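Notes for the one structure printed next.
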Amino acid sequence: MNQSKQHAVDAAQLLVPGTGQGRALVLSEPLSLWGGLDPETGEIIDRRHPSSGENVAGRVLVLPAGRGSSSASSILLEAVRTGKAPAAIITAEKDPILALGAAVAREMYDTAPPVLVLGAADYRRIADGRLVTVSQEGMVLIELP
């Protein structure tokens, strides 16, 4: 039986608790959800973004940071409502706007993607398409090649 290796990270800074699992969608640049994400489909619609056309629904969204408007929290909230939100959000920098959207979604809909910040070395370990699992306590398991 072929078992994949995993890297466990327990030093993640947990901004919004929760569980999530999915294939990583690693963005090379920050993304503003306001004008950058269609909450009805989960598609990245910012045509200037390198990941334009990709879909975040059910994926673990890995991005350096959010970008821009405080309205991004309302877009995340709407994506949760429509079932098109990421399974989890991992950033390299604290993003209070993304955390706010997830926290409000948890209050309103009793579900939301966990939001975590990883240190630089662990953040760089996540490769696009790899399976990532986030536990309630903030433990992150990253599938390795």
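Could you give the length gained on full extension between THR82 and MET108, defined as 0.36 nm per residue of separation minus the Cα-Cα distance, in nm?
Working it through step by step, the gained length comes to 8.1 nm.
Which label marks the calculated value of log10 I(q)/I(0) by the Debye sum over Cα atoms at q = 0.10, 0.12, 0.13, 0.19 Å⁻¹, given the options (1) -0.28, -0.41, -0.48, -1.06; (2) -0.45, -0.63, -0.72, -1.17; (3) -0.43, -0.61, -0.71, -1.31?
(1)
Neighbour counts of other C-beta atoms within 10 Å: give me ARG124, ARG23 arranged from fewest to most.
Sorted ascending by nearby Cβ count, the order is ARG124, ARG23.
Please list, ordered by chain and number, the residues whose modelled amide H lies under 5 Å from the amide H of LEU15; skip anything fewer than 5 residues away on the same chain.
Amide H neighbours of LEU15, under 5 Å, 5+ apart: VAL115, LEU116, VAL117.
For the stretch 37-100, what does the alpha-carbon gyration tensor say about shape, rounded, prolate or oblate, given a ≥ b ≥ c as the root eigenvalues, a/c under 1.5 as rounded, and a/b over b/c as prolate?
Rounded is the answer for the stretch 37-100, as its axis ratio a/c remains below 1.5.
Among ARG125, ARG48, ARG67, rank each residue by its count of other Cβ atoms within 10 Å, from fewest to most, as a rough exposure measure.
Ordered by Cβ neighbours within 10 Å, fewest first: ARG48, ARG125, ARG67.
Please build a GNM for the chain, connecting alpha carbons under 10 Å apart, and tell me which residue among GLY42, GLY18, GLY119 fluctuates the most.
GLY119
Bear in mind that the values in this text are calculations on the coordinates, not laboratory data. Only a predicted model underlies this, so the values are computations on that prediction, with no experimental measurement involved. For neighbour counting, all protein chains shown are included, and Cβ atoms are generated from backbone atoms with ideal geometry for every residue, glycine included.
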